[in-house]
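Notes follow the structure.
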Amino acid sequence: MQSEPYIQPMQSPESFSTICIVGPTGAGKTHLAMSLAEYAKSIGIRIELISMDSALVYRGLDIGSAKPTKEEQKLVAHHLIDILDPNEAYSAARFAKDAKRLCEEIRNRGNIPVVVGGTMLYWRAWAHGLSSLPPANPEIRERLEEQAKKIGWPAMHERLAKVDAISAARLKPNDSQRVQRALEVFEITGKPMSVLLAESPSDDGREGSIIPPWIQLVSLEPSDRAQLHLNLEKRFDEMLSNGLIEEVVKLKQNATLHADLPAIRSVGYRQVWEYLDGQIDAAQMRYKALAATRQLGKRQLTWLRAIADRNQFDPFNPAELKAALDYCKKNLQ
């Protein structure tokens, strides 16, 4: 009887090349990953998918996050899905640590990890690190949130402008998550976040334009923006038909959840939450959710276009979509 091959434990993520499938929301990343998994299985290779998505980590956020179905999760192992309750926080730094650990564990099982998702801050942390910025401080965050409830985020933004004018200039007054983070960093370090980012090439994005040699980046970038928007509109309407509002109703029954949590600020969930709170009507909810989804896709494409030498494919072109799959097949190792 032939013995099982010995798999040497990984010493670093650089020991093997890892496929990473990225792209804007609605570009078909999950479909490509599942097609690759099906091919791998047909030739006796097992892959495991690592989600690089800030919404998929949360339990109970299924419909609005376009989470892989239970059937898809049974067909291929998925990681970093349903690992937190919605009242918990997840960070880019934690993702980087989790992804590197999972890559090692999957390799040691004799399988192949494939990273899939569109949260580009997570990409940067995994590929290049976020070492100069301090981790979140729950006490400071809670205090900043309490202050914001009293005076509003625009006033908090004005406060930020006094200590970090550069960060304030690039942030919108109601961008609560980023304004809070910039204020938090200043309180922890005594330095403006813009200064810390300038001191660290891996944080300000200059090194983010280079793909590390241990990552094979597959970028799905639709050329027809109008078609992408139509697809996103259809997808959101299907989410509504499939019970998105009822899903958020269930979330609102949890007394620990509120509108300022990262999970509830996710695209789609925030707008439905506002609708259920009576702040907007159904038509406004749909309009705002679609606008936020388009804005998210635009930001993701901006990130991607700053990455030099990425392997770019148009998922709306059948020939290029096949080429993307062929590229992934070739790099299964």
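All of the numbers you see were taken from the coordinates with simple rules; none came from a lab. Note that this is a predicted model, so its numbers are computed, not measured. Reconstructed Cβ throughout: ideal geometry from the backbone, glycine too, with neighbour counts over all protein chains shown.
What to note about this one:
- Cα centroid separation - segment 150-183 against segment 288-329, whole Å: 31
- One decimal place: the segment residue 75-residue 88 gains 1.8 nm when fully extended, by the rule 0.36 nm per residue minus the C-alpha distance.
- Whole-Hz ³J(HN,Hα) from phi, Karplus 6.51 cos²θ - 1.76 cosθ + 1.60, for segment 310-324, glycine and proline x: 6, 8, 9, 9, 8, x, 8, 9, x, 5, 6, 5, 5, 5, 5
- In this structure, the amide hydrogen of residue 112, modeled 1.01 Å from its nitrogen in the peptide plane, lies closer than 5 angstrom to those of 46, 47, 48, counting only residues at least 5 positions away or on a different chain.
- Amide H contacts under 5 Å for residue 21, placed H, 5+ residues apart: 115, 116, 117, 218
- Residue order, fewest to most surrounding Cβ atoms within 10 angstrom, among 316, 95: 316, 95
- Per residue, the Cα convex hull of segment 226-296 amounts to 81 Å³.
- With both labels modelled 7 Å from their Cα along Cα-to-Cβ, the residue 170 to residue 105 distance reads 3.4 nm.
- Ellipticity estimate at 222 nm from DSSP helix runs (n ≥ 4, -39,500 (n - 2.57)) divided over the chain, nearest 500: -16000 deg cm²/dmol
- Per-residue ³J(HN,Hα) for segment 270-279, Karplus 6.51 cos²θ - 1.76 cosθ + 1.60, θ = phi - 60°, Hz, x for Gly and Pro: 4, 5, 5, 4, 4, 4, 5, 7, x, 6
- Charge dipole of the chain (Cα centre as origin; +1 on each Lys and Arg Cβ, -1 on each Asp and Glu Cβ, all else neutral): 320 debye, rounded to the nearest 20.
- In nm, spacing of pseudo-spin labels at residue 97 and residue 249 (7 Å Cα→C-beta vector): 4.0
- Extended-chain gain in nm, criterion 0.36 nm per residue less alpha-carbon gap, residue 121 and residue 322: 69.6 nm
- Under the Karplus curve 6.51 cos²θ - 1.76 cosθ + 1.60, θ = phi - 60°, whole-Hz ³J(HN,Hα) for segment 244-260, x wherever Gly or Pro sits: 4, 4, 5, 5, 6, 4, 5, 4, 5, 6, 7, 5, 7, 9, 8, 5, 8
- Between the amide H of residue 77 and those of 49, distances stay under 5 Å, these residues lying 5 or more places away or on another chain, with hydrogens modeled in the peptide plane.
- Peptides 295-304, 46-55 ranked from most to least packed give 46-55, 295-304, packing being the mean of other C-beta atoms within 10 angstrom over each peptide's residues.
- Sorting the segments 259-268, 156-165 by their residues' average number of neighbouring beta-carbon atoms within 10 angstrom, most packed first, yields 259-268, 156-165.
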